[in-house]
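Let me begin by presenting the structure, written as structure tokens, before commenting on it.
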Amino acid sequence: MRSGNPALKESTFLDLGSGTVVSRDGGAMTLNGTVNKTGLLLLMCVLTGAFAWSQMQVTEAGVTGMGYVWGGALGGFVLALVTIFKKEWAPVSAPLYALTEGLFLGGISAVFEARFPGIVMQAVLLTFGTLFALLFAYRSGLIKATENFKLGVIAATGGIALVYLASFALRFFNVNIPFIHDSGLIGIGFSLFVVVVAALNLVLDFDFIETGVERGAPKYMEWYGAFGLMVTLVWLYVEFLRLLAKLQSRD
């Protein structure tokens with residue numbers, strides 16, 4: 001039951017004290033319930049995203065409305081932490097996460113779209129195309145979440161997280177990690193690698209949610225499973241935006 005997604009770690013569905021499945025008071029987690037809640041979270045994200053998009057103004061003088069981007073990013077980060085550490089709050093915190101993350105995605109999408117017309121629709125199609133393709137591959141058995149597969153994806157995800165964390169910290173000292181953020185071959189190759197790892201995390205998330213259903217996790221874990229899947233989809237969408245922007249910068 002491993003997942004590279006920090007929201008869906010090995011102990012999520014377990015009582016750490018006894019190693020047994022958590023209580024099922026109020027009903028058990030179902031696959032259909034998780035799918036429905038994932039769809040609802042996506043709808044909430046799109047609604048606030050559309051609002052933030054409409055408030056953004058990108059001109060040669062600068063960008064107006066960046067408060068939605070930063071507010072959504074920080075709010076989403078805080079709500080993600082709350083959801084991870086208080087899983088039973090997921091029926092409330094997960095929808096709030098989707099709403100705030102929508103502000104971030106809507107704002108940043110407007111900025112990318114102003115510079116590269118058509119890029120947002122391409123990123124959306126690629127994100128959902130990847131989601132359904134990997135879901136089909138997982139359900140048909142073409143891709144199996146074996147132990148070695150999980151360990152490889154987790155290790156790659158951790159490595160990417162460390163690179164991004166180091167890059168963020170170094171910017172405070174006006175230092176940039178060379179090549180990976182550029183539109184050169186190395187930068188594009190790095191973005192391709194990150195997109196592949198993000199996509200493979202979807203397979204681990206599918207496996208994790210399915211395992212929770214089989215083990216009879218409590219009903220509120222449907223919201224938590226949907227939240228975890230949303231985290232991966234947000235990451236995948238942003239990475240597709242970055243990759244497409246690098247490719248179009250070379251034209």
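The values are calculated or read from the model by the stated rules, or taken from the named source; none is laboratory data. In this text the structure is predicted, and so the values were computed from the model without any measurement. Cβ atoms come from the backbone with ideal geometry, glycine included; neighbour counts cover every protein chain shown. Each accessible area value is taken on the protein alone, full model and side chains, heavy atoms only, with ligands, DNA and RNA left out. Shrake-Rupley method; radii C 1.70, N 1.55, O 1.52, S 1.80 Å.
Of the residues making up segment 117-134, those that are within 15 Å of Gln248 (Cα to Cα) and not aliphatic (A, V, I, L, M) are Pro117, Gly118, Gln122.
The lone criterion from (1) surrounded by 14 or more Cβ atoms within 10 Å (Cβ to Cβ); (2) touching a Lys or Arg at 6+ places or on another chain (Cβ under 8 Å); (3) at pLDDT 90 or above; (4) more than 23 Å from Ser93 (Cα to Cα) left unmet by Asp182 is number (3).
For the criterion of being over 17 Å from Arg242 (Cβ atoms) and surrounded by fewer than 21 Cβ atoms within 10 Å (Cβ to Cβ), Ala161 fails. Out of Leu79, Leu105, one residue alone is part of a helix (DSSP H, G or I), among the aliphatic types (A, V, I, L, M) and either in contact (Cβ under 8 Å) with a residue 40 or more places away in the chain or more than 16 Å from Gly228 (Cβ to Cβ) (or both). It is Leu105. Residue check: is Glu101 under 26 Å from Phe193 (Cα atoms), out of contact with any Pro (no Cβ under 8 Å at 6 or more places or on another chain) and crowded, with 18+ Cβ neighbours inside 10 Å? In short, yes. Listed conditions (1) in a loop (DSSP other than H, G, I, E, B); (2) modelled with pLDDT of 90 or more are all met by Asn176, apart from (2). On the given criteria, is Thr59 farther than 15 Å from Gly106 by Cα, within 16 Å of the chain's Cα centre (by Cα) and not aliphatic (A, V, I, L, M)? Considered against the rule, which asks whether it is farther than 15 Å from Gly106 by Cα, within 16 Å of the chain's Cα centre (by Cα) and not aliphatic (A, V, I, L, M), Thr59 comes out as no.
Just checking, which of Ala28, Ala7, Ala61, Ala52 is farther than 26 Å from Val153 by Cα and modelled with pLDDT under 75? Answer to the check: Ala61. Taking each residue of segment 225-251 that is at negative phi and looking for partners that are surrounded by fewer than 20 Cβ atoms within 10 Å (Cβ to Cβ) and not in a helix (DSSP H, G or I) with beta-carbon atoms closer than 6 Å, six or more apart or interchain, yields Ala245/Phe116; Lys246/Ser183; Gln248/Phe116; Ser249/Ser183; Arg250/Ser183. Within the set Phe240, Phe190, the sole residue that is open to solvent by less than 20 Å² (accessible area, probe 1.4 Å) and in a helix (DSSP H, G or I) turns out to be Phe240.
The set of residues in segment 104-138 that are under 16 Å from the mean Cα position of the chain (by Cα) and open to solvent by 60 Å² or more (accessible area, probe 1.4 Å) comprises Leu125, Leu126, Phe128, Phe132, Leu135. Could you give every pair whose Cβ atoms fall below 9 Å, whose first residue belongs to segment 139-156 and is open to solvent by 60 Å² or more (accessible area, probe 1.4 Å), and whose second residue is not in a helix (DSSP H, G or I), counting only separations of at least 6 or pairs across chains? Within 9 Å, the pairs are Glu147/Arg2; Leu151/Arg2; Ala155/Gly4.
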